[in-house]
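Every number in this text was worked out from the coordinates using simple rules, so none of it is lab data. Values in this document were obtained by computation on a predicted structure and should not be read as measured data. Neighbour counts run over all protein chains shown; Cβ positions are idealised from the backbone, glycine included.
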Ligand SMILES: N[C@@H](CCC(=O)N[C@@H](CS)C(=O)NCC(=O)O)C(=O)O
């Protein structure tokens, strides 16, 4: 059975896979579970009517399950786990929120126009907490030796963080956070990630609109 999924098309290039971290999360999950899928690229700057008909909120990703289009990556990943339990990507509950504040703090920092507003420090604290978690639990993944759903949610966001902060702030994750660097290597190097990531230029193009909003 081939699943249909609507994802973001690249900013300014509607025929190319775009830079939505929530879509990327679902695509990596499909790849890790080896579920065949068919992509529909959606130009979010000019949403076609067929898309608004199936996704009234106008958001991606949406996936068709049993003839019903379902939005929201949290919900979609939950259904995928139920319907395709092997390999299991279930995260033990004690690890489920590790790294969850990295994306909102990155968002504030990348948009910040005031270098003294504490947004860089707030992001650093979150990255340090991830580093400590990985050190304490041995890694390479958040729940230990196996990659799980919490990694598949976080890693696309770290990809955005790395590219957008490098480009707009000339900022990179401090070398001292060695466990975070090892985590990035272990996850960005996976075939499921490589195959489904947006090209860097489109990640930058996507953030350009938000940074200069
Ligand atoms: N909570 C949703 C968030 C999805 C979301 O915000 N997607 C963005 C793209 S990254 C979107 O579709 N935005 C609509 C728009 O830009 O008009 C999820 O996890 O799927």
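The share of alpha-carbon pairs in the stretch 103-155 lying farther apart than 17 Å comes to 47%.
Working from Cα pairs under 8 Å separated by at least six residues, relative contact order for the stretch 1-63 is 47 percent. Which log10 I(q)/I(0) values does the stretch 3-83 give at q = 0.17, 0.26 Å⁻¹ under the Debye formula, counting every alpha carbon as one identical point scatterer? At q = 0.17, 0.26 Å⁻¹ the computed log10 ratios are -0.60, -1.38. Here residue 116 and residue 13 are evaluated by their C-beta separation; at R0 = 30 Å the FRET efficiency comes out at 0.20.
Entry note, the chain: the mean residue ellipticity at 222 nm calculated from DSSP H runs of n ≥ 4, each adding -39500 (n - 2.57), is -15500 deg cm²/dmol after division by the residues and rounding to the nearest 500.
Each of 112, 73 was scored by other Cβ atoms within 10 Å of its Cβ. Listed from fewest to most, they are 112, 73. For the pair residue 47 and residue 108, a Förster radius of 30 Å applied to the C-beta separation gives a FRET efficiency near 0.65, rounded to the nearest 0.05.
The modelled label-to-label distance between residue 39 and residue 65, using points 7 Å beyond Cα along the C-beta direction, is 2.3 nm. Between the alpha-carbon centres of the stretch 12-35 and the stretch 100-165 there is a gap of 20 Å.
Normalised by the number of residues in the chain, the mean separation of alpha-carbon contacts (under 8 Å, six or more apart) gives a relative contact order of 24 percent.
Remark: 146, 197, 38 ranked as 38, 146, 197, counting other beta-carbon atoms within 10 Å and listing the fewest first.
Would you mind classifying the stretch 35-193 by shape? Square roots of the alpha carbon gyration tensor eigenvalues, ordered a ≥ b ≥ c; an a/c under 1.5 is rounded, otherwise it is prolate if a/b is larger than b/c and oblate if not. It comes out oblate by the Cα gyration axes. For the pair residue 171 and residue 145, a Förster radius of 45 Å applied to the C-beta separation gives a FRET efficiency near 0.90, rounded to the nearest 0.05. Largest GNM mean-square fluctuation across 59, 195, 68, computed for the chain with C-alpha springs under 10 Å, falls on 68. Each peptide among 177-184, 24-31 gets the average number of other Cβ atoms lying within 10 Å of its residues, and from highest to lowest they stand as 24-31, 177-184. Here the gap between residue 75 and residue 101, fully extended at 0.36 nm per residue and compared with their Cα-Cα distance, gives a gain of 7.4 nm. Look at the alpha carbon pairs under 8 Å that are at least 6 residues apart: their mean separation over the length of the stretch 56-155 gives a relative contact order of 24 percent.
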